[in-house]
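A single structure is presented below for examination.
The values are calculated or read from the model by the stated rules, or taken from the named source; none is laboratory data. Fair warning: this is a prediction, and the values are worked out from it, not measured in the lab. A quick note on method: Cβ atoms are made from the backbone with ideal geometry, for glycine too, and the neighbour counts reach across all protein chains shown.
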Amino acid sequence: MAILVKPVQRVNPQSPDEPKKWYVTQVTTTQVDETQVAMEIADETTLNPSEAMMALRQLRKIVLRHLLASESVKLGDWAGFNVTISSSASDTKDEVSARNIKSVNINLQVGDSFKAELKKASFAWIDKLAAGRTPTDEEEVPDTGGGGTDDDGNDDGEL
């Protein structure tokens with residue numbers, strides 16, 4: 001399996017007059033839903049699909065319960081969740097109230113083991129797949145923190 005990518009030209013919003021530059025962007029082909037995840041869990045465990053679905057729903061319910069109690073939730077060494085809020089400012093402490101809260105968000109913190117697995121990612125250029133060419137440029141993410149390279153592995157001068 002490979003992460004599908006494509007080159008995209010963008011304007012720098014901080015310098016709109018500068019020439020556009022090319023960036024590699026990830027392409028999502030489909031969204032896997034809870035039912036599919038439950039089916040895959042059932043295939044790889046002793047749970048049946050209904051039990052796997054119930055486990056996922058209970059996990060959601062329990063994580064939400066702890067977040068609403070102002071607790072963070074850590075799931076092994078692969079992920080953690082905590083609540084963050086966005087609020088508007090007030091001139092004085094006495095003016096601060098719950099009305100200042102604009103939104104409540106959930107922050108996902110990916111753990112080191114998950115990050116290490118992502119560094120092993122390989123990439124396939126979707127424009128080359130669409131053109132019928134076999135992508136020969138699957139690369140591992142360098143240990144510098146990820147991102148791959150700008151080279152597509154071919155000597156044609158293209159990304």
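Here are some residues: Glu40, Glu34. Which one is within 28 Å of Ile126 (Cα to Cα) and in contact with a helix residue (DSSP H, G or I) (Cβ under 7 Å, 6 or more places away or on another chain)?
Glu34
Among Val73, Val96, Val83, which is over 30 Å from Thr25 (Cβ atoms), modelled with pLDDT of 95 or more, surrounded by 13 or more Cβ atoms within 10 Å (Cβ to Cβ) and out of contact with any Phe, Trp or Tyr (no Cβ under 9 Å at 6 or more places or on another chain)?
Just one listed residue meets the conditions, Val96.
Is segment 119-136 home to any residue that is modelled with pLDDT under 95, under 20 Å from the mean Cα position of the chain (by Cα) and at positive phi?
no
Restricting the search to segment 105-124, which residues are part of a strand (DSSP E or B) and of a type in the set (A, V, I, L, M, F, W, C)?
Those that are part of a strand (DSSP E or B) and of a type in the set (A, V, I, L, M, F, W, C): Ile106, Leu108, Val110, Phe123, Ala124.
For segment 99-120, does any single residue satisfy the condition of being free of Cβ contacts under 8 Å to residues at least 12 places away in the same chain and of a type in the set (Val, Ile, Thr)?
no
Yes/no matrix, rows are residues, columns are (1) modelled with pLDDT of 95 or more; (2) surrounded by 14 or more Cβ atoms within 10 Å (Cβ to Cβ); (3) within 19 Å of the chain's Cα centre (by Cα):
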position: Ala2; (1), (2), (3): no, yes, yes
position: Asn12; (1), (2), (3): no, no, no
position: Lys20; (1), (2), (3): no, no, no
position: Asp33; (1), (2), (3): yes, no, yes
position: Glu40; (1), (2), (3): yes, no, no
position: Leu47; (1), (2), (3): yes, yes, no
position: Met53; (1), (2), (3): yes, yes, no
position: Gln58; (1), (2), (3): yes, no, no
position: Lys61; (1), (2), (3): yes, no, no
